[in-house]
Amino acid sequence: MPRQTFYNLPVEKKEVLVEAGEKEFSRVPLFEASIANIVKEAGIPRGSFYQYFDDKEDLYFYILKQYAAEKRIQLIALLEKHDGNIFEAISDLYIAILNRIEEDASRQFFQNVFLHLDFETERAFLSNINHSVISEQYMEIKKLINTVELNIENDKELFHIVQIMLSMMVQNIVRKFAVNLTREEVIMNFNTQIQLLKKGFKRN
């Protein structure tokens, strides 16, 4: 997590530093990124960087968690829009994420994120949505989900349903970049998976 000195910075200076990080993480994956390039772009001494972050990973995961926080707010709005229908809300969230990652300014950053996805990166990307069954962020989402038509017996099963759908969403985005699928293909794949979940796998 960033140090308190980072949070104490004026908004403009925080944005400059974050944008410098995004530019570097767009140029190369995290493991190849250079703090020297980040501080040069941000126009700060290298020593100042370490007053704000422990290392480049600290800045990288901060950026991802900020993005996850935005998506959590968006998911809440979509659940309200669809009267708690988790399938419709997640499907709309998926389209919104596709729209964001296909923007010219963001595409290379997210391509590097998803093509080098590991457990910690996926956890950060979804940290404010499915981090824990008892997390405050998840509880805020859970109370909006209409469970009347869901075949579940308890809150833990609901949590796993949300996890499954979000993991499907992430993996479809990975495949978009990994095998260069078109927008239409990844939307069709995701919609097919959602329909399979709604039907269930076992024949009655």
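Taking the number of other C-beta atoms within 10 Å as the exposure measure, put 179, 18 in order starting with the fewest. Don't skip to the answer; put the middle values down first.
On the way: 179 9, 18 18.
Fewest-to-most ranking of 179, 18: 179, 18.
So if we plug the beta-carbon distance of residue 123 and residue 19 into 1/(1 + (r/R0)^6) with R0 = 25 Å, what FRET efficiency do we get, rounded to 0.05? All intermediate terms of the calculation are to be shown ahead of the outcome.
Details: r = 24 Å, r/R0 = 0.96.
The value I calculate is 0.55.
Stretch residue 147-residue 181 to full length: gain in nm at 0.36 nm per residue minus the Cα-Cα span? Intermediate results must be reported in sequence, preceding the final value.
Numbers: separation 34, 0.36 × 34 = 12.24 nm, distance 3.34 nm.
Full-extension gain reported as 8.9 nm.
Using a basic spin-label model with each label point 7 Å from the Cα along Cα→Cβ, how many nm lie between residue 136 and residue 51?
Modelled inter-label distance: 2.9 nm.
Which angle between 0 and 90 degrees, to the nearest 10, do you get for helix 155-178 versus the longest principal axis of the chain when only C-alpha atoms count?
The two axes meet at around 60 degrees.
Modelling each spin label as a point 7 Å along the Cα-to-Cβ direction, I'd like the residue 192/residue 28 distance in nm, to one decimal.
3.8
Straight-line reach from residue 198: which aspartates and glutamates have Cα under 12 Å away, leaving out those fewer than 8 places along the same chain?
Of all the aspartates and glutamates, those that pass the test against residue 198 - Cα under 12 Å, at least 8 places apart if same chain - are 88, 149.
What list do you get for 102, 88 if you sort them by fewest beta carbons within 10 Å? Spell out each step's value before the answer.
Working: 102 12, 88 15.
Result, fewest neighbours first: 102, 88.
Which lysines have a Cα lying under 29 Å from the Cα of residue 56, excluding residues fewer than 8 positions away in the same chain?
13, 14, 23, 40, 65, 71, 176
Provide 81, 71 in ascending order of the number of other Cβ atoms located within 10 Å of each residue's Cβ, fewest first. If you can, show how the numbers build up before the last one.
On the way: 81 12, 71 19.
Result, fewest neighbours first: 81, 71.
Where does the chain land at 222 nm, in deg cm²/dmol rounded to the nearest 500, when only DSSP H runs of n ≥ 4 count, each adding -39500 (n - 2.57), divided by all residues?
Working: 12 runs with 149 residues, N = 204.
Per the formula, -23000 deg cm²/dmol.
By how many degrees, 0 to 90 and rounded to 10, does the Cα axis of helix 183-199 deviate from the longest principal axis of the chain?
40
How much net charge surrounds residue 194 when only other residues with a Cβ under 13 Å from its Cβ are counted (Lys, Arg +1; Asp, Glu -1)? Intermediate results must be reported in sequence, preceding the final value.
Numbers: positive: 198, 199; negative: 88, 92.
So the surrounding residues net to 0.
If each of residue 202 and residue 95 carries a label point 7 Å out from its Cα toward its Cβ, how far apart are those two points in nm?
Using points 7 Å along Cα→Cβ, the separation is 3.4 nm.
Residue by residue, what Karplus-based ³J(HN,Hα) values in Hz, rounded to whole numbers, does region 59-76 have, using 6.51, -1.76 and 1.60 with θ = phi - 60° and x for Gly and Pro?
With the stated coefficients, region 59-76 comes to 5, 4, 6, 5, 4, 5, 5, 5, 5, 4, 5, 4, 5, 5, 4, 5, 5, 4 Hz.
Any idea what angle helix 86-101 forms with the longest principal axis of the chain, computed on alpha-carbon atoms, 0 to 90 degrees, nearest 10?
Tilt of helix 86-101: around 30 degrees.
Readers should treat all values here as calculations from the given coordinates under stated rules, not as data from a laboratory. Model, not experiment: these values are computed from the prediction. Quick reminder, even Gly has a Cβ in these numbers, built from the backbone with ideal geometry, and neighbours come from all protein chains shown.
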